[in-house]
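Working notes for the structure below.
Here, each number is a calculation from the coordinates, and none is a lab measurement. Fair warning: this is a prediction, and the values are worked out from it, not measured in the lab. As a convention, Cβ positions derive from the backbone with ideal geometry for all residues, glycine included, and neighbour counts pool all protein chains shown.
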Amino acid sequence: DAIVKLQNVNKVYKGVTKGTKALKDCSLEVKPSSFTSIIGKSGCGKSTLLNAIGGLIEVDSGSICVKGTELTTMTRGERAAFRRNHIGFIFQFFNLLQELTVLENLMIPFDLNQQRVDKEFMDGVLQYLELQDVLKKFPYELSGGEQQRVSIARAIIRKPSIILADEPTGNLDRKNAKQVVSLLRECQRLYSQTIIMVTHDMDLAKKADTMQYMEDGQVMSYETT
Ligand code: ADP
Ligand code: ADP
């Protein structure tokens, strides 16, 4: 009944001199509609794990099963289609296009995907994230916290069942970092999305239902609260 299940996943980045083993027989299970945090030191493989779950990278061996679908046997194009239909990404540096307004940024995934916007749902999310008044502004006119709320809105309004957040608070001050984590938590409650958040911040990681600890390419242990 896991929505995300990895079994013995290995990933080596082939470098110029020697390869970096980023995932070593890495296994993980995530329950549907849960909020999981993955914590670990810089370089332990957190981003690689998240990118593997999101189908952004190919792995060398093992199984990655997301919503009952095996990703490792898909082509790059199939993974991209799967990602568009089921997964939303939130990044540390927001990944907003500076030359587009907030509203235009929110519409990017819909334009790419030819998906219809659920206006009512979108209005609810914008209200909840307090973004209605900044829709015509450009990202550079917003604070970091506001920009991250825009990128959260962009991920949520497509209603993906899984949201992958890579250090979503890494570029925010304490107050905004806490708010972003509370918002993610609330989105998971309101919209039943499954959220996996990577962080190296223990205080924030503890706010998740389940905390997974990563070390040297492996998920070591977990605790449930
Ligand atoms: P974390 O997110 O925990 O900081 P990463 O998954 O980014 O860890 O990186 C794991 C290891 O793989 C690190 O040693 C990193 O330098 C290396 N690595 C990550 N991405 C690449 C890449 N594209 N090419 C080569 N090495 C990489
Ligand atoms: P984080 O640790 O916050 O996940 P990094 O600074 O490790 O981010 O990596 C940022 C980007 O650079 C990622 O896309 C990652 O894949 C890439 N990267 C990380 N380490 C290396 C490396 N040694 N060689 C090439 N690319 C890398």
Chymotrypsin sites (Phe, Trp or Tyr not before Pro) lying in DSSP loop within region 88-184, provided at most 13 other Cβ fall within 10 Å: F93
Trypsin sites (Lys or Arg not before Pro) restricted to DSSP loop in region 90-138 with at most 10 other C-beta within 10 Å: R116, K136
Neighbour-count ranking [beta-carbon atoms within 10 angstrom, fewest first] of K206, K11, K67: K206, K67, K11
Cα-Cα pairs of region 73-225 separated by more than 27 Å (percent): 23 percent
Estimated D of region 114-193 in µm² per second, where Rh is the Kirkwood radius over Cα pairs and Stokes-Einstein applies at 4 °C, 1.567 mPa s: 99 µm²/s
Cα gyration tensor category, rounded, prolate or oblate, for region 1-99 with a/c compared to 1.5: rounded
Cα pair distances of region 53-160 binned at 10 Å [whole percent]: 14, 41, 29, 14, 2
Check: the chain dipole with +1 on Lys, Arg Cβ and -1 on Asp, Glu Cβ, in debye: 280 debye
For region 160-212, with +1 on Lys and Arg beta carbons and -1 on Asp and Glu, the positive-most of Q179, I163, A205 along the dipole: Q179
Estimated [θ] at 222 nm from DSSP helical runs (n ≥ 4, -39500 (n - 2.57)) normalised by residues in the chain, nearest 500: -10000 deg cm²/dmol
